[in-house]
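Scroll down for the structure; my scribbles are underneath it.
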Amino acid sequence: MAEQTTHTPAPRMALIGFGEAGEGFARAAGWKTARGWDVLPDRRAAMAGHGVSAGVGPADALADAQCVLSLVTADAALNAARDYAPLMPPGALWLDMNSVAPATKRAAAAAVIAAGGRYVDVAVMAPVDKALAVPLLLAGPDAAEAQELLAALGFINIRIVGDEVGRASAIKLCRSVMVKGLEALTAEMVLAAAQAGVVDEVLASLDASEKPVSWRERADYNLDRMLIHGRRRSAEMAEAAQMLRDAGMEPRMSEQTVRWQAALGELGLAPPPEGLRAKLDGIRATPDFKGEN
């Protein structure tokens, strides 16, 4: 006799916000019983074409939801929790998938819990065009139940990272410091190189110096260089910032690099401690370290 497997049935689910993420998820999932609400009428009108029934108001959309996916803009995430969580059934899960600071998620969690709901911090770790395959990190006391419900909704790449609300968001935003920062640095670099007529030469030089190493090794090496040579490198970057100003560009990223190089170079941790963790502990233990000079 074949072994029978059980599957968690798709939960009654509501979407708050129907922008790129909500529309992409709904299109891929083909949800049959999902309801939704968006403050913009054109987005509510778009729901029907993706299998989502728009409520006549937020209370109607949330009336019988077992879980709610909050997919609003970052600046609206906290108010969405405060305004709409009281409209959920008691004990429903509010899955906050917005990219906001850990403190903002903890404030949203407090609002949801005060309203009788349960809160899960969800970090979306890749562009939403990956649809249901997008990596999701979950944190909070109810993360395990949320993982089951999200899997039942069709999401296939879900990982729990802890029971503390804000942990998933911290992972996402710390990563964003690098990813979005590199994008901004790239823009500043190539625009300055274009002004100077040296784009091809600069990119070829970077290709020649690139080494395939892990991010842990790279972070350790970068901090090592800054702790030993930060003051000298700060002076060099001050000249780079001046070059950009001379070319009529505002050195937005370069000026901050001046400050970070100087801040670490002036800590006096030379020679630096061995290993990334020891360096981080040493920097954070320095009485005058505040991340700026």
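The residues of segment 160-175 that are surrounded by 14 or more Cβ atoms within 10 Å (Cβ to Cβ) and either of a type in the set (K, R) or closer than 14 Å to A126 by Cα (or both), listed by number, are R167, A168, S169, I171, K172, L173. Screening A247, A208 for residues that are hydrophobic (A, V, I, L, M, F, W, C), more than 14 Å from V190 (Cα to Cα) and more than 25 Å from the chain's Cα centre (by Cα) leaves exactly one candidate, A208.
For segment 266-275, give me each residue that is out of contact with any Leu (no Cβ under 7 Å at 6 or more places or on another chain) and either surrounded by 15 or more Cβ atoms within 10 Å (Cβ to Cβ) or not assigned by TED's automatic domain parsing to the domain that holds A240 (or both). E266, P273 - these are the residues of segment 266-275 that are out of contact with any Leu (no Cβ under 7 Å at 6 or more places or on another chain) and either surrounded by 15 or more Cβ atoms within 10 Å (Cβ to Cβ) or not assigned by TED's automatic domain parsing to the domain that holds A240 (or both).
Here's the yes/no breakdown for (1) in the same structural domain as G19 (by TED's automatic domain parsing); (2) surrounded by 14 or more Cβ atoms within 10 Å (Cβ to Cβ); (3) among the small types (G, A, S):
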{"residue": "A131", "(1), (2), (3)": "yes, yes, yes"}
{"residue": "L138", "(1), (2), (3)": "yes, yes, no"}
{"residue": "E145", "(1), (2), (3)": "yes, yes, no"}
{"residue": "G154", "(1), (2), (3)": "yes, yes, yes"}
{"residue": "M178", "(1), (2), (3)": "no, no, no"}
{"residue": "E183", "(1), (2), (3)": "no, no, no"}
{"residue": "A187", "(1), (2), (3)": "no, no, yes"}
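Of all the numbered requirements in (1) crowded, with 18+ Cβ neighbours inside 10 Å; (2) more than 23 Å from K180 (Cα to Cα); (3) of a type outside the set (G, A, S), Q261 misses one, and that requirement is (2).
With the structure loaded, tell me whether D288 is at pLDDT below 90, farther than 29 Å from M243 by Cα, exposed (fewer than 15 other Cβ atoms within 10 Å of the Cβ) and charged (D, E, K, R) or whether it fails that test. Considered against the rule, which asks whether it is at pLDDT below 90, farther than 29 Å from M243 by Cα, exposed (fewer than 15 other Cβ atoms within 10 Å of the Cβ) and charged (D, E, K, R), D288 comes out as yes. Kindly evaluate E255 against the criterion of being part of a helix (DSSP H, G or I), more than 22 Å from R216 (Cα to Cα) and free of Cβ contacts under 8 Å to residues at least 40 places away in the same chain. Here the answer is yes, as E255 does meet what is asked. Please work out if A81 is touching a Cys at 6+ places or on another chain (Cβ under 8 Å), farther than 13 Å from L15 by Cβ and in the same structural domain as A146 (by TED's automatic domain parsing). So A81 fails the test.
The values are calculated or read from the model by the stated rules, or taken from the named source; none is laboratory data. All values reported here derive from a predicted model rather than from experimental measurement. So basically every Cβ, Gly included, is an ideal-geometry build from the backbone, and we count neighbours across all protein chains shown.
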